[in-house]
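Some notes on the structure that comes next.
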């Protein structure tokens, strides 16, 4: 197996990030996402990622060898100066079960700690049992908050999972 890495993405990675997201939507979420989302225009989608990356939005890109395999996006929580938020973590399904999700989650927590967050939260679709299990295994737990959110062009219930970033740093060092 080729070496796996996670690095901070730049605006030059926008098309790659967009392609990864579209692959995940098509391969993992086509049964729950509207067709206009799954079949989104890659060029327009890349432009939105380029805008975010140009503004300095924290996006992490995972690779295996030279092949991009997934990404994560993180930000400060809009309503809590000590919390950070994982906006999403996606790994293309054919690259799953190889540790990329765990590396992205660890790098996302590191990024949140770097900007001063002491806790993190991550909204996961209520129906996405695999991601919820993954988060629980990594030390994130549901805090009982469920919301109905606008996701792209449809509504979905999301469950909030939270973790203390200091605890995760200590656990990750073992």
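Any read-out appearing in this document is the output of simple, stated calculations on the displayed coordinates, not a laboratory observation. The shown structure was predicted, so the numbers you read here are calculated from the model rather than taken from an experiment. Please note: Cβ atoms are built from the backbone with ideal geometry, for glycine as well, and neighbour counts cover all protein chains shown.
Annotations
- Gain on full stretching of the segment that runs from residue 29 to residue 67 - 0.36 nm per residue minus C-alpha separation: 11.5 nm
- Comparing Cα centroids, region 88-143 and region 58-81 end up 10 angstrom apart.
- Scoring 82-93, 29-40 by mean Cβ neighbours within 10 Å over their residues and listing the highest first yields 82-93, 29-40.
- In percent, rounded to a whole number, the relative contact order of region 1-87 is 35, using alpha-carbon pairs under 8 Å and six or more apart.
- The chain: relative contact order as a whole-number percent, Cα under 8 Å and 6+ apart: 19
- Correct option for Cα extents along the principal axes in Å [calculated from the coordinates] among (1) 40, 38, 32; (2) 45, 40, 33; (3) 46, 37, 30: (1)
- Label-zone membership for region 76-96, site residue 145, 7 angstrom Cα→C-beta point, backbone N under 13 Å: 77-86
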